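Below: the structure, in structure tokens.
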Amino acid sequence: MCAAMTMFDKIWDMHVVGEREDGEQLMYVDYNVVSEGPFYAFNGLRQEGRGVRHPDKTLAMADHYAPTTGRDRGIDSVADPEARVMIEQLAVNTAWAGITRHYGLTHPQQGIMHVVPAELGMPQPGMIITGADSHTSTNGAFGACGFGLGASQVKHVLATQTIWLRKPKPMRVWVDGTLGGGVSAKDVILAIIARIGVGGGVGFALEYAGSAIRGLSMEGRMTLCNMSIEAGARMGMVAPDGKTFEHLRGRELAPQADEWAQAEKFWRSLLTDEGAQFPREARLQGDAIEPMATWGTSLDEAGPVGGRIPDPGSFADPGRRGRAEKALAYMGLTPGMPIADIQVDRVFIGSCTNARLEDLRAAAKVARGRKARVPAMVVPGSMTVKRRAEEEGLHEVFLRAGFEWRDPGCSMCVSANGDRLAPGERSASTSNRNFEGRQGRGSRTHIVSPAMAAAAAVSGRLADVRDFL
Amino acid sequence: MEPFVSLTAVAAPYYFADVDTDRIIPHRFLRKPLSAGYRNFLFHDERLDAEGRERPDFVLNRPPYRSARILVGGRNFGCGSAREGAVYALQDRGFRAVIAPGYADFFRENCMQNGVLPVVLDESIVAAIAGQIQASPGSTVAIDLPGQAVRAPDGTRHRFEIDPSRKEQLLRGLDDIGLTLQRTAAIDAFESAYYRRVPWLRPVALRQ
Ligand code: SF4
């Protein structure tokens, strides 16, 4: 029993409650996060006469339907009656279930379901964290297995604190070297996806390793793990280290002083052992990564900002070729065009991928002293981020540059609350998905980092952020 | 949950790789109660034009495919957002099975939770079936879950693999929670050992 193990195997194995003959395992869940979406789960439990096993192990956030203006008017700021029902329903459902950690629309810590938990110190090394949304993988930044579930599975977690799953295989993604100026965690993950493909991680749990990853802040690691799902993996993790522990110390849901030493010892025992085998590995050179932008409607349709849109005819795989042709027609772009020449109509800085303080600082650094040429909005990931940013005066930088400064929510990431693009409109967006219609019917999305988004705002095109630093 | 045993039905081709759930159901419909009926939301933005009229050239609008109950998809079907609404929409429009070379994990599991059978066959076989149903629209495909086989319109039979317990669950229309609650004693025992190891995580109910 002393074979070298990966961090993923260690975490997984200690959560196995039982097993079926087909190999699916019943996994114990440390924490679960919901937003307004899985109302089906609560309705189902009620109808079936079932309760919630550990109400204090679920956190609930109003985010997808939260309007990003007029927060001082509370629920009256929600113009759409259906959206209002979604937000009110979450309050009713959590009260019914006894879930007291409900961060509703007017809560001082309200925010996006993948931003707020880390502020509370919830995600900790070694945990299994589920959520009613695929970007629950964000929590992997803390050395946890975080993954999303559909509404029926969320119902299962609420009722039993467990979930049936088939164990994925571990895959390690190395990013060595150091990142250049103007290159962020967002560019790293876009480069990884461009390398391994949108299906490259299917069936795997990723562990990001290497000096460029160690060099990332906790916020950067969250951006990276957030988009593991866009590489086809359900979860992605970074091993805990001093930065992780520093982040956790003193937070509301972190171990308190008397338990800290025991917790830290446990966390340190989780690291991947020397010599552990990964069935698949990929390796990138951090120094070679440039600021990136997507040009198509799939996350692997991306390239360095200094490059050109490829000719789909040059793709060997006919499936990929057809997809790229269709994507370019939808995006209204032509092969061979320099990516930096793509003109945008709007800029969105926000979402669970890139709306933390560090992201806003990076965008503000570019916006400072310049003027937006196209409408641009900044939507902080949480009330806490918003307050901190205002303490630093970032909102003034944005407002002076002509950007809008909004209230927290998912906003234009998912066009759920009125923040959306008009048909045919083109955005530079710090969110995570460039799918057809994601930001509104007929919307065209270019996924970029916060600094790149700010550069797009002040230049009206997908400019190279390095020219602005 | 409605049991799934066997099905012979018209199959509709939607044979594209990496079809994401935003395409299957745009997010704005996920706020609708199930009682609203999800059938109309399926592939909404491709199926209907901006005025809400059906696009006659969209595959599911073409008469031979209107009664389809099987969808033939491409690899990595159902990727992107974990939204279960994608499966509600398929199911509410009458689809009981999807045949594809592979699925995003979420999508496959959401199918299982709702009694929709996600059949996996080799890419070449799926391509052949897609070709056949495109060449003669309205032709049928037969799925036999107990025998784990698909009969293509050309009469060829193809075996597919499925986890035995998932198969059992689909055949009997069983709900996952009921099965798990039979293991409550094991969950209790797990918790008491687990929280000795990580006492700082102990839930309120287990603190004395
Ligand atoms: S910001 Fe976007 S990706 Fe993140 S939880 Fe909200 S809708 Fe999902």
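Residues in the range A:141-153 that are buried (at least 24 other Cβ atoms within 10 Å of the Cβ), facing another protein chain (nearest Cβ under 9 Å) and part of a helix (DSSP H, G or I): A:151, A:153. For the range B:96-137, the set of residues classified as more than 24 Å from residue A:135 (Cβ to Cβ) and of a type outside the set (A, V, I, L, M) consists of B:96, B:101, B:115, B:122, B:123, B:124, B:131, B:132, B:134, B:136, B:137, listed by residue number.
Checked across the range B:172-194, the condition of being closer than 24 Å to residue A:156 by Cα and more than 14 Å from chain A (Cβ to nearest Cβ) holds for at least one residue.
Checking each residue in the range A:435-450 for being away from chain B (no Cβ under 13 Å) and over 12 Å from residue A:425 (Cβ atoms) picks out A:447, A:448, A:449, A:450. Filtering the range A:55-76 to residues that are within 16 Å of the ligand (Cβ to nearest atom) and in a loop (DSSP other than H, G, I, E, B) leaves A:62, A:63, A:64, A:65, A:66, A:67, A:68.
Which members of the range A:364-388 meet the condition of being crowded, with 24+ Cβ neighbours inside 10 Å and away from the ligand (no atom under 16 Å from the Cβ)?
So in the range A:364-388, the residues crowded, with 24+ Cβ neighbours inside 10 Å come out as A:364, A:366-367, A:376, A:378-382, A:385-386.
Matches in the range A:364-388: A:364, A:366, A:367, A:376.
Only one residue in A:184, A:134 is within 26 Å of residue B:17 (Cα to Cα) and surrounded by 22 or more Cβ atoms within 10 Å (Cβ to Cβ), so which one is that?
Answer to the selection: A:134.
Within the range A:104-122, track down each residue that is under 14 Å from the mean Cα position of the chain (by Cα) and either in a loop (DSSP other than H, G, I, E, B) or away from the ligand (no atom under 14 Å from the Cβ) (or both).
A:112, A:113, A:114, A:115
Does the range A:138-153 hold any residues that are of a type in the set (A, V, I, L, M), farther than 20 Å from residue A:169 by Cβ and either within 14 Å of the ligand (Cβ to nearest atom) or at pLDDT 95 or above (or both), and which are they? Answer for the range A:138-153, where residues must be of a type in the set (A, V, I, L, M), farther than 20 Å from residue A:169 by Cβ and either within 14 Å of the ligand (Cβ to nearest atom) or at pLDDT 95 or above (or both): just A:141.
Restricting to the range A:377-393, name every residue that is more than 16 Å from residue A:457 (Cα to Cα) and either in contact (Cβ under 8 Å) with a residue 40 or more places away in the chain or of a type in the set (A, V, I, L, M) (or both). Correct list: A:380, A:381, A:382, A:383, A:384, A:385, A:389. Among the numbered conditions (1) more than 16 Å from the ligand (Cβ to nearest atom); (2) over 18 Å from residue A:254 (Cα atoms); (3) buried (at least 24 other Cβ atoms within 10 Å of the Cβ), tell me where residue A:125 comes up short. Here residue A:125 clears every test but (2).
Taking into account only those residues within the range A:79-103 that are part of a loop (DSSP other than H, G, I, E, B), more than 30 Å from residue A:243 (Cα to Cα) and modelled with pLDDT of 95 or more, which is nearest to the other protein chains (Cβ to nearest Cβ)?
A:98
Please indicate, with yes or no, whether at least one residue in the range B:166-174 is closer than 17 Å to residue B:108 by Cα, modelled with pLDDT of 90 or more, assigned by TED's automatic domain parsing to the domain that holds residue B:10 and in contact with a Ser or Thr (Cβ under 7 Å, 6 or more places away or on another chain). No: the range B:166-174 contains no residue that is closer than 17 Å to residue B:108 by Cα, modelled with pLDDT of 90 or more, assigned by TED's automatic domain parsing to the domain that holds residue B:10 and in contact with a Ser or Thr (Cβ under 7 Å, 6 or more places away or on another chain). If you go through the range A:341-351 and keep only what is outside any strand (DSSP E or B), within 16 Å of the ligand (Cβ to nearest atom) and more than 14 Å from chain B (Cβ to nearest Cβ), you end up with just A:350. Residue pairs whose Cβ atoms lie under 8 Å apart, sitting 6 or more positions apart in sequence or on different chains, and linking a residue in the range B:1-28 that is within 28 Å of residue B:132 (Cβ to Cβ) to a partner that is of a type in the set (Asp, Glu), are B:6/B:144; B:23/A:436; B:23/B:45; B:23/B:46.
Yes/no per residue for (1) in a strand (DSSP E or B); (2) buried (at least 16 other Cβ atoms within 10 Å of the Cβ); (3) within 16 Å of the ligand (Cβ to nearest atom):
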| position | (1), (2), (3) |
| --- | --- |
| A:254 | no, yes, no |
| A:283 | yes, no, no |
| A:293 | yes, yes, no |
| A:300 | no, yes, no |
| A:306 | no, no, no |
| A:321 | no, no, no |
| A:335 | no, no, no |
| A:353 | no, yes, yes |
| A:359 | no, yes, yes |
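Scanning the range B:29-56 for residues being touching a residue at least 24 places away in the same chain (Cβ under 8 Å) and touching a Gly at 6+ places or on another chain (Cβ under 8 Å) gives a total of 5. Considering the range B:39-79, the residues that are under 14 Å from the mean Cα position of the chain (by Cα) and in a loop (DSSP other than H, G, I, E, B) include one that is nearest to residue B:136 (Cα to Cα), namely B:69. Any chance the range B:66-75 includes a residue that's crowded, with 21+ Cβ neighbours inside 10 Å, without any contact (Cβ under 8 Å) to a residue 60 or more places away in the chain and under 25 Å from residue B:176 (Cβ atoms)? Yes, the range B:66-75 has at least one match. For the range B:113-125, indicate whether the set of residues that are modelled with pLDDT under 95 and among the charged types (D, E, K, R) is non-empty. No, every residue in the range B:113-125 fails to be modelled with pLDDT under 95 and among the charged types (D, E, K, R). Scan the range A:34-54 and tell me whether some residue there is in contact with a strand residue (DSSP E or B) (Cβ under 7 Å, 6 or more places away or on another chain) and within 16 Å of the ligand (Cβ to nearest atom). Checked against the condition, which is being in contact with a strand residue (DSSP E or B) (Cβ under 7 Å, 6 or more places away or on another chain) and within 16 Å of the ligand (Cβ to nearest atom), the range A:34-54 yields at least one hit.
Just one of (1) crowded, with 22+ Cβ neighbours inside 10 Å; (2) within 16 Å of the ligand (Cβ to nearest atom); (3) of a type outside the set (Lys, Arg) fails for residue A:30. It is (2).
When you look at residue A:460, is it in contact with a strand residue (DSSP E or B) (Cβ under 9 Å, 6 or more places away or on another chain) and not assigned by TED's automatic domain parsing to the domain that holds residue A:86, yes or no? Yes, satisfied.
Tell me the residue from A:422, A:416 that is over 23 Å from the mean Cα position of the chain (by Cα), closer than 30 Å to residue B:50 by Cα and within 14 Å of chain B (Cβ to nearest Cβ), please. Walk me through how you get there before you give the answer.
Values: A:416 fails: over 23 Å from the mean Cα position of the chain (by Cα).
Exactly one of A:422, A:416 is over 23 Å from the mean Cα position of the chain (by Cα), closer than 30 Å to residue B:50 by Cα and within 14 Å of chain B (Cβ to nearest Cβ), namely A:422.
Taken over the range A:17-32, the criterion of being more than 20 Å from residue A:55 (Cβ to Cβ) and more than 7 Å from chain B (Cβ to nearest Cβ) is satisfied by A:19, A:23, A:25. Restricting the range A:404-428 to residues that are hydroxyl-bearing (Ser, Thr, Tyr) and under 17 Å from residue A:36 (Cα atoms), the residue that is nearest to the ligand (Cβ to nearest atom) is A:411.
For the range B:7-59, a residue qualifies if it is among the basic types (Lys, Arg) and over 22 Å from residue A:41 (Cβ atoms), and the qualifying residues are B:23, B:47, B:53, B:55. Every test in (1) more than 16 Å from the ligand (Cβ to nearest atom); (2) within 14 Å of chain B (Cβ to nearest Cβ); (3) modelled with pLDDT of 95 or more is passed by residue A:135 save one, and that test is (1).
The values are calculated or read from the model by the stated rules, or taken from the named source; none is laboratory data. Bear in mind the structure is a predicted one, so any value in this text is a computation, not a measurement. Glycine also receives a Cβ, built like all others from the backbone with ideal geometry; neighbour counts cover every protein chain displayed.
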